[in-house]
Amino acid sequence: MKRKLIQLPVFLAIFFSTFGLHAQMNENIWFDGFSRSYFTRDALDKSLIDDTISARNTSSGYNLLDLNTHVNPIQNIEIFAQLRIRNSFGSFFGSGTEINVRQLKAKGVINNKIRFSVGDLFLKQSKFTLYNYDEELSVYENDMLKFYRDIIHYENFYNENRWRLQGIQTDFSFKFDRFIRNLDIDFFVTRPRGSFQINESNYSSDLIYSGGSILSNINKRLKLSTNYVNLFELSSSGTKNISVRNPVYDISLIHRYNSENYHIQQTLQAGFSKRYWLHTELENAVSDSISNDTKGMYFDLENKFSKQDSSLFLTLGFRYVDPNFRSAGAQTRRLNYDDINRNTIYPFYTNMSLIRPPSMFDIVTDDQLYNQDLSSVLMAFNPIYSNILPYGDATPNRIGFHMKAIMNNKNNLFHAKFNSGFFKEAIGQGTSDKRKFGLISGLLKINLHEFLNWQKKLTISASSENEITQRGGKDVSKINFFSHHTNASINAELIKKFFIQASYKQLNAKGNEFVTQRDNYGNISYFTLTDVDQKDHMLSVGMLYKFKKNLYAKLNYSWWGMTSFDQNYLNYKYNRLLLILSVKL
């Protein structure tokens, strides 16, 4: 067996060198890909004396190669396959080598009119039907820690807020001479989850997610679009007599106006949803029954103003989302705190071997925590890291205003962002009093080398994100919860392509909040009072060398941990040394 594994790299080298030479001569076959070497050494801080069970330090890492093969058997057809070869450090003679097909897809055009894709699809519609919202703490990520975010997105297929699903998609368009200018139509059918065995005699049903979009440019200024999606189970494919149904309907009208100096866009969007569980009864029953039936709607009005020179972008909007609005494709979170994987780094801590909850550092660095599956019910979230819009714009039971601004200096001296939102609940939860939410955040990045006319780069950036949640009423139900996330970094080019970097992240959370508990049907079953007074911190310094645009090497050292001011057993501190080599082929 070992001999075969030793021969495998030799065979692959000969195969790819021979086949690659032929591919260079054959325009119908071509390759690209990605390679990464990743090594970490994590250690307990010497100041900790209440953890004598955990290892003082641990090492881990891997080498991986993702080889993308593109085959064009005919002009309008492409077959794409991504083969991953991954070897964990500390493994010898191929014992730790994994080889699998990471992606597989075929796409093409039929008769120069109908486009289709079969296999791995990356789908996105509106923010209320099918949209993969960014994870917590990622709005204003600094340049030094961006590589962590890139790894998380790459490993979990988070591509431009799209969900990666497997199925078939087709789209086509029509052009008209009168009334409307064009009509674009798109359909897809996917299977997020196949049938699997629950126990010796029961099997779950196939989960299907399908939908379509129709987009029409009525004239140069008006555009009308409609979207439809439905998450449902095929009860006949399993032995369960309960299956979910979640159709969502969406329509939006977009008005655009352009001038020589600016661009204005107004969007009016509305829709509604249904969600229920279908119970298949015995053979003698007249019809199936329905339970946990909920219906909800939403309304969103958004105004955008932008200058043609890209120096200013403004967005002002009003949004209402019904408490019972449910959309699996838009409300599924990247992090699920009810069913979250354990931390890769020191999953247990203290002499009591407690399970360490995910911290700010884990959310920023650990790609194993993240979710890739759609959920038919609202996922759990941690109010410390996201409490106002935990499900993005599609967060139910919200009504209020929001505003965003982006400013760019014409001479590239600075870049600034501002985001704010003021919302309240449409109905109270657990009491007649309603929560009120406030969100204010901003980023400023200054290119000092432009001020000083230096050829080598020198940039500093700072950001702040503030969330406040309040509710009045009786003392037993009052809420006053505040979280503040700060982020600062500096990036200095000492010699050409060689950078010294430093960054500091801190998150403070204090106050009380009632965490919602839900049953298997997504109904509220209980509220758990949570008192918080903690600080997460992360200090990093490092070096970066950019060989070229898609090839870099990085050495980084971080001090991170958490301090709880009212529960000392939650305190911990760790250190990390990281080395990474990333190559995009």
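The values are calculated or read from the model by the stated rules, or taken from the named source; none is laboratory data. As the structure is a computational prediction, the values presented were derived from the model and not from experiment. Neighbour counts run over all protein chains shown; Cβ positions are idealised from the backbone, glycine included.
May I ask you to list the residues in region 224-253 that are under 16 Å from ASP300 (Cα atoms) and either crowded, with 19+ Cβ neighbours inside 10 Å or in contact with a helix residue (DSSP H, G or I) (Cβ under 9 Å, 6 or more places away or on another chain) (or both)? Full working, then the answer.
First, pick out the residues of region 224-253 that are under 16 Å from ASP300 (Cα atoms): 224-227, 248-253.
Once the filter is applied, which keeps residues that are under 16 Å from ASP300 (Cα atoms) and either crowded, with 19+ Cβ neighbours inside 10 Å or in contact with a helix residue (DSSP H, G or I) (Cβ under 9 Å, 6 or more places away or on another chain) (or both), region 224-253 yields SER225, ASN227, VAL248, ASP250, SER252.
Given the options ASN202, ASN258, ASN182, name the one that is more than 26 Å from GLU302 (Cα to Cα), more than 28 Å from the chain's Cα centre (by Cα), surrounded by fewer than 17 Cβ atoms within 10 Å (Cβ to Cβ) and in the same structural domain as ASP288 (by TED's automatic domain parsing).
Numbers: ASN258 fails: more than 26 Å from GLU302 (Cα to Cα); ASN182 fails: more than 26 Å from GLU302 (Cα to Cα).
Within the list ASN202, ASN258, ASN182, the selection yields ASN202.
Does LEU104 qualify as being surrounded by 14 or more Cβ atoms within 10 Å (Cβ to Cβ), outside the structural domain of ASP362 (by TED's automatic domain parsing), in contact with a Phe, Trp or Tyr (Cβ under 8 Å, 6 or more places away or on another chain) and closer than 22 Å to GLY167 by Cβ?
On the way: surrounded by 14 or more Cβ atoms within 10 Å (Cβ to Cβ): yes; outside the structural domain of ASP362 (by TED's automatic domain parsing): yes; in contact with a Phe, Trp or Tyr (Cβ under 8 Å, 6 or more places away or on another chain): yes; closer than 22 Å to GLY167 by Cβ: yes.
Yes, satisfied.
Please count how many residues of region 500-525 are in contact with a Phe, Trp or Tyr (Cβ under 8 Å, 6 or more places away or on another chain) and more than 30 Å from SER540 (Cβ to Cβ).
6
Check whether at least one residue in region 320-330 is polar (S, T, N, Q) and more than 30 Å from ALA416 (Cβ to Cβ), and report yes or no.
yes
Among the candidates SER503, SER525, single out the residue that is over 24 Å from the mean Cα position of the chain (by Cα), in a strand (DSSP E or B) and polar (S, T, N, Q). First the steps, then the outcome.
Numbers: SER503 fails: over 24 Å from the mean Cα position of the chain (by Cα).
Of the residues listed, the single one that is over 24 Å from the mean Cα position of the chain (by Cα), in a strand (DSSP E or B) and polar (S, T, N, Q) is SER525.
Give just the number: which of (1) free of Cβ contacts under 8 Å to residues at least 40 places away in the same chain; (2) assigned to a strand (DSSP E or B); (3) within 30 Å of TYR526 (Cβ to Cβ); (4) not acidic (Asp, Glu) does ILE446 not satisfy?
The failed condition is (3).
Could you give me the residue pairs with C-beta distances under 6 Å whose first residue belongs to region 131-150 and is touching a residue at least 24 places away in the same chain (Cβ under 8 Å) and in the same structural domain as ILE446 (by TED's automatic domain parsing), whose second residue is of a type in the set (Asp, Glu) and part of a loop (DSSP other than H, G, I, E, B) wherever it lies, and which are 6+ apart or on separate chains?
ARG149/GLU141
Just need a number here: residues in region 125-167 that are within 29 Å of TYR298 (Cα to Cα), in contact with a strand residue (DSSP E or B) (Cβ under 6 Å, 6 or more places away or on another chain) and not in a strand (DSSP E or B).
Matching residues across region 125-167 total 8.
Quick one: what pairs do we get from region 339-363, first residue closer than 13 Å to GLY561 by Cβ and loosely packed, with under 15 Cβ neighbours inside 10 Å, second at pLDDT below 90 and among the acidic types (Asp, Glu), C-beta under 7 Å, 6+ apart or different chains?
So the pair list comes out empty.
Tell me the residue from GLY473, GLY511 that is assigned to a loop (DSSP other than H, G, I, E, B), under 30 Å from ASP433 (Cα atoms) and in contact (Cβ under 8 Å) with a residue 24 or more places away in the chain, please. It would help to see each step written out before you state the result.
Working: GLY511 fails: assigned to a loop (DSSP other than H, G, I, E, B).
Answer to the selection: GLY473.
Give region 44-60 a look and list any residue that's surrounded by fewer than 17 Cβ atoms within 10 Å (Cβ to Cβ) and either in a strand (DSSP E or B) or without any contact (Cβ under 8 Å) to a residue 40 or more places away in the chain (or both), or say none.
LYS46, ILE49, ALA55, ARG56, ASN57, THR58, SER59, SER60
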